[in-house]
Amino acid sequence: MFVMMKDINFKYNNSDSQLLNGFSLNIPEDKITCILGASGSGKSTILRLISGLEKPKKGFIKYKGQVIVGQNTFIPPEKRGVGMVFQDYALFPHMNLAENILFGVKETGRKKKKKLNQLLELIDLKDLKERYPHQISGGQQQRVALARALAIDPALILLDEPFSNLDANLKSTIRNDLKKILKKAGVTTVFVSHDKDDALDLADNLVVLKDGKIVTQGPAETVKSDNSKYVKGLFS
Amino acid sequence: MRKLSSANIWSLISFLLIILILLPNLNIFIELFTPASENWEHIKNYLLQDYVTNSIILVFFTGIFSIGLGVTSAWLITQYDFPLRKFLKWALVLPLAIPPYIGAYTYNGLLNYTGLVQTTLRNIFHFKINPAALDIMSLKGAVFIYTIFLFPYVYLITRSFFEKQSANLIETAKTLGKNDLQIFWKVALPISRSSIVAGTSLVIMEVLNDYGVVKYFGIRTFSTSIFKTWFGMGDLSSAVRLSALLMGFVFIVLISEKFLRGGRKYSSSTSRIKPLTRKKVSNKKGILIMMFPLLIFMVGFIIPTLQLIYWTWMSKSNLISFEIIRTAFNSLGVAIISSLLILITAVIIANTVRIKDNLLSKVYSKVAVLGYSIPGAVIAIGVLSLVITLDNKLEIIYTLLNINNNLLITSSIVMLIFAYFIRFLAIGYNSIESGFDKIGSNFFEASRTLGANVTKTFFKIDLPMLKPSLYSAFLLVMVEVMKELPLTLILRPFNFNTLATKAFEYASDEMIHEAALASLLIILISGIAIYYTTNGRKKE
């Protein structure tokens, strides 16, 4: 398995209840996986655990065969090489688009420039590279955030509620754009969403989450025809 | 050995800084267990009761009157439309620009036998008033001075509460047929309780911290007694005991604050702030309403400032002396150095606290703001006894290095700056912390996932975004340092003066005219800072 989470216990400091209790999850390589669940089900927390922004109380996480979280191991986020796109994109407001994209890039000189051009081409924003985040639209911001995350050549990209900040009428266009970019980049992707349409449209692999527990998981079509009450309610 | 991670370096530095802040306070605690001097018996038996009674009277009445002025003016400003409302809204904050000790000698100069009021009455109206009736150098006078120059703390916090959080409740009360007066007593006052308590406790802290007013008026309180035992008797151990008692007093105030607020801070209604619609009143009524805040503004700012300008004019022949320039530079110099140190420390601790969300970091943020609730004289004694101990320990090294001064640190400016650092760290820390809050954690986290460690993230992301908070923190701390009196008087090196000490010394020597210029400079600088922080911030 590409990412393996096992027996994870996690709770936030400001909360009394355990959000994840003995939680385990496997994420396959080269696929787009969607974690689908209501708010508070713990789906964003799973991304934060994989990226290293949160530390579980117990359990281990393996990534590309290497233990990144274990009993005495905790690889900090900056050393994991996992790309993350935040719900509100978190584009640095004091940097223009090019500077944002290049923030994590290790290459220098000509190689760096080449990379920038490739990424700008990928997200189709070549002409706007001098602009600042507040000067572009929400959909464009999302693409920049994705390019910035891809710039560190991650083997895994995590997207936290990628469509929650977008106008409903633009959503399907942007969803298609995103799908194209992700397929073109050919990188394993995990995104979380509370919207079944996002899940069915984008995901190869679907994980349905409820109160910190997996209800069902598998290829999107299989999950859709699951007979359990919760899943039926979700897709009706 | 394992290499320290970037995040751990921040924790380590923060830990060391926290220890540094705690040391002088711990030192007071330790000194408490050394045997008492013979003075102590005398102080305890004959003087202590005076200190306690006077302090209680000052705190109690200043508190009550500040609530009266502060809440009433906040209510009028937020509820009614009247002439000059917009101007008075921020002008009512200006009395804070005048440190109470400057206000004290200015009003004394105005009201005493040779002052403007009595001479005018005598010479122009041929009316002889009993001088005792206008004698301000008493407990009553001190309450007046504290109230008129400190009430804006209550005004500011209560006003912003009325503006932002009370609209729904007040409008509901109106629809239920209550008149204005009923709404004020039955709705506005109870719901703003925690804001009033917060503002009042700031006022009380300032009263307990003050040395200038009570010294000038000859009132015995804790801070004057701490000065007396140290300067008059050189009795550190009694000074430490008095400091500990004063801290007990502060502690009671803090506990009561918590209790009176009902354990809650301001209810943080981040969502939809509904502005209050102000009531239109007739011209006549509007002018009547205007008189109240206008009068406060006159008494709390215009009259003393005009008097100071007049005095400065009177002494214009020796206005720009070498002495005043040097003093201004001293003030500016120590203020800039202390502000920079405070800013750096505040940023380091606030960043650590933000990253490590655990019990220890909660302790850190409490310690960082500790100094502001400790009166200046107490910090001074804590720092002094610590530094003297340190100098004693270093004596061997001094001898080895052929340094003739056994009290090298004690007699240097380092001690004073260290004390400013402890006392005013809270102001810098609060600004920086709220700056970090405004930025949120997303940018930090994004940077981390992009391969930057805590330190690189700090310099590339946090610091540039924190700039506005850094500027306002710097300004706020600088002004406080320039106004500061008790700490500076106890800890300054021989012959070292700031604008504050110079103004106070001149005034104490009855050289009122000479004190005026230094005082005006302090008021000007504070006024600019107040303008910037109350008006300028909105534009960010």
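The values are calculated or read from the model by the stated rules, or taken from the named source; none is laboratory data. No experiment lies behind these values; they were computed from the predicted model shown. Heads up, the Cβs are rebuilt from the backbone with ideal geometry, glycines too, and the neighbour counts pull from every protein chain shown.
Here are a few things to note about the model shown:
- Qualifying positions in the stretch A:64-84 - over 15 Å from the mean Cα position of the chain (by Cα), more than 7 Å from every other protein chain (Cβ to nearest Cβ) and buried (at least 19 other Cβ atoms within 10 Å of the Cβ): A:I68, A:V69
- Taking the stretch B:61-135 as the region of interest, the helices (runs of 4 or more DSSP H) fully inside it that hold 1 or more residues being hydroxyl-bearing (S, T, Y) are B:100-111, B:116-123.
- Residue check for A:E161: surrounded by 14 or more Cβ atoms within 10 Å (Cβ to Cβ) and touching a strand residue (DSSP E or B) at 6+ places or on another chain (Cβ under 9 Å): yes
- Only a single criterion out of (1) in contact with an Asp or Glu (Cβ under 6 Å, 6 or more places away or on another chain); (2) on the phi > 0 side of the Ramachandran plot is not satisfied by B:P468, namely (2).
- Within the stretch B:282-306, the only residue that satisfies the criterion of being surrounded by fewer than 20 Cβ atoms within 10 Å (Cβ to Cβ) and in contact with a Ser or Thr (Cβ under 8 Å, 6 or more places away or on another chain) is B:F292.
- Summed over the stretch A:85-104, the residues that are assigned to a loop (DSSP other than H, G, I, E, B) and either more than 9 Å from chain B (Cβ to nearest Cβ) or over 22 Å from the mean Cα position of the chain (by Cα) (or both) give a count of 3.
- Residues (within 15 Å of A:L158 (Cβ to Cβ), part of a helix (DSSP H, G or I) and not small (G, A, S)) located in the stretch B:445-466: B:E445, B:R448, B:T449
- Test for B:E480: is it in contact with a strand residue (DSSP E or B) (Cβ under 9 Å, 6 or more places away or on another chain) and either in a helix (DSSP H, G or I) or within 12 Å of chain A (Cβ to nearest Cβ) (or both): no
- Per-region count, the stretch B:352-378, residues assigned to a loop (DSSP other than H, G, I, E, B) and within 11 Å of another protein chain (Cβ to nearest Cβ): 3
- Failed criterion for A:E29 (all others in (1) within 14 Å of chain B (Cβ to nearest Cβ); (2) assigned to a loop (DSSP other than H, G, I, E, B) hold): (1)
- From the options B:I320, B:I302, residue that is over 28 Å from B:F15 (Cβ atoms) and at pLDDT 95 or above: B:I302
- Unique residue being at pLDDT below 90 and either loosely packed, with under 15 Cβ neighbours inside 10 Å or of a type outside the set (A, V, I, L, M) (or both) when the list is B:F87, B:F127, B:F82: B:F127
- Filtering the stretch B:203-210 for residues that are surrounded by fewer than 24 Cβ atoms within 10 Å (Cβ to Cβ) and part of a loop (DSSP other than H, G, I, E, B) leaves an empty set.
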